[in-house]
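Data first, discussion second: the structure below is written as structure tokens.
The values are calculated or read from the model by the stated rules, or taken from the named source; none is laboratory data. As the structure is a computational prediction, the values presented were derived from the model and not from experiment. With ideal geometry, Cβ positions are generated from the backbone for all residues, glycine too; neighbour counts draw on all protein chains shown. These area figures cover heavy atoms from the full protein model, side chains too; ligands, DNA and RNA do not enter into them. Shrake-Rupley method; radii C 1.70, N 1.55, O 1.52, S 1.80 Å.
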Amino acid sequence: MMHVRWLAIPVLSLAGLTSSWAADCPALLQGTLPELSGKQQIELCERFAGKPLVVVNTASYCGFAPQFEGLEALYKEYHQQGLEMLGVPSNDFKQEDSDSEKTAKVCYANYGVTFAMAKAQHVRGNDAVPLFAELARQSSAPKWNFYKYVVDRKGNVIANFSSLTKPDDEAFKAAIEKAIASQP
């Protein structure tokens, strides 16, 4: 019996820390998204809180899909400085496969993506997942695939960029650098 009591105290303490930690999490990062490959969930707050972040809605069959290469290059360039990146496929513009394995092949095999990718989600309108509802509240909803959001360490959108903005665009890179320089 004594072992059970000693075990219960740390578990209860940990539960209290988790709920207080979640309360400190910015609105943008509340919730989870399913990982593109695998059965795990991406715990947004746990993974991205306090870090500069680029969020981009993607689509495998979009003419902008080659931007995956540039996004991956940016991720590799800035990841050592703390940058995180999250790709969220969506069929809201009718250019994503319903088969997650085919989407994963495009991202990982065709373009060599190593940053976090979720399974396809709704990113616009009333069906938008909470992450994209908050991105829209803070800036605007994606107008097409490969719409890019730059988020500071406090979970605030500091800039958003259209699909036409290439990953090597100087203004996009400047926004990323501003997010990296932001205070948690």
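Here the Karplus relation 6.51 cos²θ - 1.76 cosθ + 1.60, evaluated at θ = phi - 60°, turns the backbone of the range 32-43 into coupling constants of 9, 9, x, 4, 5, 10, x, 10, 7, 9, 8, 7 Hz, with x for every Gly and Pro.
Helix-only arithmetic for the chain: the sum of -39500 (n - 2.57) across DSSP H runs with n ≥ 4, divided by the residue total, places the mean residue ellipticity at 222 nm at -11000 deg cm²/dmol.
Rg to Rh for the range 70-139: what is it, with Cα atoms only and Rh by Kirkwood? Looking at the range 70-139, the ratio lands at 1.00.
Taking the chain as a whole, the Cys residues whose C-beta sits 4.7 Å or farther from every other Cys C-beta are C62, C107. Accessible area per residue for the range 85-152 is 44 Å², calculated with a 1.4 Å probe on protein heavy atoms, without ligands, DNA or RNA. Working note: Karplus 6.51/-1.76/1.60 with θ = phi - 60° gives the range 53-66 the couplings 9, 10, 10, 9, 8, 10, 7, 4, 9, 8, x, 8, 3, x Hz, where Gly and Pro are set to x.
Here the range 84-184 has 48 percent of its accessible surface on carbon and sulfur atoms, given a 1.4 Å probe and all protein chains in place.
Annotation note: trypsin sites (Lys or Arg not before Pro) in the range 36-88 located in DSSP loop regions with a Cβ neighbour count of at most 13 within 10 Å are K39.
Pull out a ≥ b ≥ c, the square roots of the eigenvalues of the alpha-carbon gyration tensor of the chain, then state rounded if a/c is under 1.5, prolate if not and a/b is larger than b/c, and oblate in the remaining case. Prolate, because a/c is 1.5 or more and a/b exceeds b/c.
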